[in-house]
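FYI, it's all coordinate maths here, none of it is from the lab. Remember, predicted model here, so these are calculated numbers, not experimental data. Every residue, glycine among them, receives a Cβ derived from its backbone with ideal geometry; neighbour counts consider all protein chains shown.
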Amino acid sequence: MVVMIIFMVLVLIGCGYFFFYRSKGILRIKQLLDIKTKYAQQTTGAKRLIIGGSDVLYSFDTDKIERETAMPTVNFGVNVGLGMGFLLDEAKRQAKPGDEVVLCLAYSLYFKPAYDVFAYEYYRMFEKRQLTRFTWKQHAYYLIGNFKLNMGYKQKQFDISTSGAYVNVSGALLPDEKYKPLQFPVHFRETEAVLKLESFCEYCRQEGIRVRVTYPSTLGFEAYDDSLYLQQLVAYLEANYRVIGTPSDYFVPRAWIFNSVYHVNDIGQQVRTEQLLEEMRKETVYEYKPTS
């Protein structure tokens, strides 16, 4: 009898969470998406979208890029925990023929699930029909995972530019426990997320949307010098896409990092923004190079 009561209580708690709980972290993601979508939709003529996770949000001063290139530029950096599929779906909704897309993709996006933990939580709150893409095992895994994340969530607020970038992020606050290199698989392989990338770029080619891929700004470590995974990733990207730079071009010192190995401060943002502008001065054609 006691076991049955406990089971029923847990079921009620689970149902209450699933149908009614409003995650503060996902509400923040929704707010960011709304800001970026509004700016993208109010532009006239061709525009540029810089797509990625939160590293994009911190890395690119899109107001400056817009001023210097005379093309409306939207910082569509959101959160890596949404997954490659979610981010590219959003890009597909906003990109129109004649637009430019710069995909600055955090390394984990290539090997993590195409629709990851925060995509599940976003769909749970705003687009429940999309939950059919998940297995029952994933439902359980992501519900429990998001519940734990929500219990420890702390809201961060930064100034957001008109075009959707974080600005005025000063200081170097990376705690020692986060001062460690990213972990990669041993080998690069074509995951579901990579197939989503290929499909998106083929769609853009057909629609006349120009695409290039680049690498994220992140704290540099010697461990990356001999990473077979990074070498194989670079080989894959250069064989199939128009690529800006190499991973090492965007490894930065700790003094340029704010609070995460992927989050640069205002100094890092200035440097990365200028690097992209320099590439644009050299070559303004961004196009998909289809796989043979």
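Among Gly16, Gly81, Gly53, the largest mean-square fluctuation in a Gaussian network model of the chain, built with springs joining Cα atoms closer than 10 Å, belongs to Gly16.
Taking a point 7 Å from the Cα of Arg22 along the Cα-to-Cβ direction, the residues of region 99-134 with backbone N closer than 16 Å to it are 122-127. Near Ala91, once Lys and Arg are set to +1 and Asp and Glu to -1 for all other residues with Cβ below 15 Å from its Cβ, the sum equals +3. Within region 168-226, the ratio Rg/Rh, alpha carbon atoms throughout and Rh by Kirkwood, equals 1.11.
Report the far tail of the P(r) of region 145-283, meaning the percent of Cα-Cα pairs longer than 26 Å.
The calculated P(r) of region 145-283 puts 39 percent of pairs beyond 26 Å.
Apply the Kirkwood formula to the chain: the hydrodynamic radius equals the inverse of the mean of 1/r over all pairs of different alpha-carbon atoms; give it in Å with one decimal.
20.0
Can you classify region 74-202 as rounded, prolate or oblate using the Cα gyration tensor, where a ≥ b ≥ c are the square roots of its eigenvalues, rounded means a/c under 1.5, and otherwise it's prolate if a/b beats b/c and oblate if not? Note, shape of region 74-202 comes out rounded.
In the chain, the calculated helix contribution to ellipticity at 222 nm averages -15000 deg cm²/dmol per residue, counting -39,500 (n - 2.57) for every DSSP H run with n ≥ 4. With 0.36 nm allotted per residue and the present C-alpha distance subtracted, the Tyr236-Lys282 stretch has 14.2 nm of extension available. Applying 0.36 nm per residue to the separation of Ser170 and Glu190 and subtracting their alpha-carbon distance, the gain on full extension is 3.4 nm. Among Glu100, Glu127, Glu198, the residue with the largest mean-square fluctuation in a Gaussian network model of the chain, with springs joining Cα atoms closer than 10 Å, is Glu127. Peptides 26-36, 59-69 ranked from most to least packed give 59-69, 26-36, packing being the mean of other C-beta atoms within 10 angstrom over each peptide's residues. The charge dipole of the chain, taken about its Cα centre with unit charges on the Cβ atoms of Lys, Arg (+1), Asp and Glu (-1) only, comes to about 1120 debye. The residue among Tyr241, Ser227, Gln206 whose Cα reaches farthest toward the positive pole of the charge dipole of the chain, with charges on the beta-carbon of Lys, Arg, Asp and Glu, is Gln206.
Based on a Kirkwood Rh over C-alpha pairs, give the Stokes-Einstein translational diffusion coefficient of region 32-87 at 37 °C and viscosity 0.692 mPa s in µm²/s. Each step should come with its number before you reach the end.
Working: Rh = 11.5 Å.
D, rounded to a whole number, is 285 µm²/s.
Based on the Cβ-Cβ distance from Arg67 to Arg129, what FRET efficiency comes out when R0 is 35 Å, to the nearest 0.05? With a Förster radius of 35 Å, E is 0.30.
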